[in-house]
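No value in this document is a laboratory result; all are computed from the given coordinates. All figures in this text were calculated on a predicted structure; none of them were measured in a lab. Glycine also receives a Cβ, built like all others from the backbone with ideal geometry; neighbour counts cover every protein chain displayed.
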Ligand SMILES: O=C(O)CCC(=O)C(=O)O
């Protein structure tokens with residue numbers, strides 16, 4: 001099945017540019033800050049969290065989570081072994097300047113070998129509310145080193161309350177920006193092999209994006225972005 005569904009244009013009065021169907025809107029605003037080295041971020045209690053202010057941190061508390069080293073190197077290798085042959089047959093998409101994602105290839109997978117099935121079971125057990133209906137196929141997004149994900153809000157039509165993603169091959173920075181007040185932002189440091197979870201407010205009141213290598217800083221510290229594969233589980237809207 002071709003996953004790239006370019007159907008969400010001109011939806012609800014905004015330009016909807018979703019390479020994947022669950023992206024609701026893409027912001028055309030410039031990055032919150034281009035010279036990130038001067039920015040004073042408020043650090044969260046956790047080493048992976050910083051934000052523009054203490055009240056913003058308070059807003060997202062409980063709605064964002066990063067579990068560092070959620071998978072082992074062996075588990076990362078097991079995922080890569082299953083995913084690489086299929087991904088390598090595709091080419092990275094760079095052609096459409098207006099897509100929500102630049103420099104990517106993607107797939108989805110329902111059936112997994114036992115090691116991967118077990119670790120995905122762990123992801124689902126920690127991320128989703130008990131009894132929540134889950135989307136069966138897991139979405140796999142392979143970002144080239146030059147690739148990035150632009151700010152977008154996930155579709156409430158296609159996504160439930162929670163998204164949970166494993167980061168393979170590279171550290172990266174995920175930025176959340178409040179839709180109604182773009183001066184309010186939150187950065188999450190997604191270390192290689194971590195699991196991030198975004199819930200509720202963080203999903204629908206903030207855009208999220210994966211910063212391109214040039215802008216990839218966390219709390220003033222450079223976070224080199226290499227090729228990155230994310231393995232993303234979702235629940236369904238109720
Ligand atoms: O690659 C990621 O982890 C982020 C994916 C994303 O932004 C999304 O699926 O809405």
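Which semi-axes, in whole Å and largest first, does the equivalent ellipsoid of the stretch 39-234 have when worked out from the alpha carbon gyration tensor as the square roots of 5 times its eigenvalues?
25, 20, 17
I want to check the label-to-label distance for residue 214 and residue 53. Put each point 7 Å from Cα in the C-beta direction and report it in nm to one decimal.
So the label points at residue 214 and residue 53 sit 3.0 nm apart.
Could you give the nm distance between label points at residue 115 and residue 77, where each point is 7 Å from its Cα heading toward the beta carbon?
0.7
May I ask you to list the residues of the stretch 174-207 whose amide nitrogen lies under 20 Å from a point 7 Å from Cα along the Cα→beta-carbon direction of residue 43?
Of the residues in the stretch 174-207, 174-176, 185-192 have backbone N under 20 Å from the label point off residue 43.
Please rank 208, 63, fewest neighbouring Cβ atoms within 10 Å first, as an exposure proxy.
Sorted ascending by nearby Cβ count, the order is 63, 208.
Starting from 0.36 nm per residue, how many nanometres of slack lie between residue 221 and residue 61 once their C-alpha separation is accounted for?
Length gained, residue 221 through residue 61: 55.3 nm.
I'd like the distance between the alpha-carbon centres of the stretch 130-200 and the stretch 40-61, rounded to an integer number of Å.
First find each Cα centre; the distance between them is then 17 Å.
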